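Since the structure comes first, as structure tokens, the remarks are kept for the end.
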Amino acid sequence: MNVGKPPDFDKLFAHRGGFAMAYAKLTAYAITVINKRKGPSKNGRIIEKLDAQELVKHALSRLVECEDINDGEAVYCLLRRHIDNYVRTIQKQKTNPTLVQIATSGYEEGSARISEPKVENTKNPAETSEQKDENEFYKELLAQTKLKFKSEGVEFALLELVIEGWSDRSELAALLEITPQQYDVILKRVSRAAISLKDQLLRNVKK
């Protein structure tokens, strides 16, 4: 375990374009993990509400566990594993997850803690702009995913409803005139297509 002084993150992540660029890439990765592991289940809905930047901050707080603190790529890969492992733990919880406490005080012993999300009206203009850009990105992602399915198919119809703002499982199933179980199967199919397309877009951005 490394207990020396904190590293110079800009130098550590120089191969990734410096700390700011590495942080942005890790945030994008966290968004991918959230979208991959969210779902209609109780745990899936908790994951959907996670804040990607808070996940990155949590991963950074665990760097004391890293033996190769001077190896930038090893640290970067470890941060990615921390993010995915954290979210996967929530996804696999058999009981009510205690890993994430969205609160400003008090949490169960042994649990990790993510600070309370910022209230919408406290966001500065830059954050509001970033949120708008992110929303537009996902809207466009869903629109492109929709083109991968037949226009008369239920997958196409589901994506159109989601783009319009529908999100409730039972309401979507009713609108599509299918059972909730059938909806779950279709949602997984659509999610896989969207995640695949998103990963492809992110790879293109990194090039």
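The values are calculated or read from the model by the stated rules, or taken from the named source; none is laboratory data. Since we're looking at a predicted model, the values are computed, not measured. Note: accessible area is taken over every heavy atom of the protein model, side chains too, but ligands, DNA and RNA are not part of it. Shrake-Rupley method; radii C 1.70, N 1.55, O 1.52, S 1.80 Å.
In terms of the Cα gyration tensor, with a ≥ b ≥ c the square roots of its eigenvalues, is region 9-92 rounded because a/c is under 1.5, prolate because a/b exceeds b/c, or oblate? Since a/c reaches 1.5 and a/b is larger than b/c, the shape of region 9-92 is classed as prolate.
Annotation: per residue accessible area for region 9-92 equals 49 Å², rounded to a whole number [probe 1.4 Å, protein chains only].
Per residue, the accessible area of region 148-205 comes to 63 Å², computed with a 1.4 Å probe over protein heavy atoms only. Legend: residue pairs LYS11/LYS188; LYS25/LYS148; LYS150/LYS198; LYS57/LYS92; LYS25/LYS139; LYS92/LYS150, Cα-Cα distance threshold 31 Å; pairs beyond threshold, LYS11/LYS188; LYS92/LYS150. How much of the accessible area of region 148-205, probe 1.4 Å, is carbon plus sulfur, in whole percent? Of the solvent-accessible surface of region 148-205, carbon and sulfur hold 52 percent.
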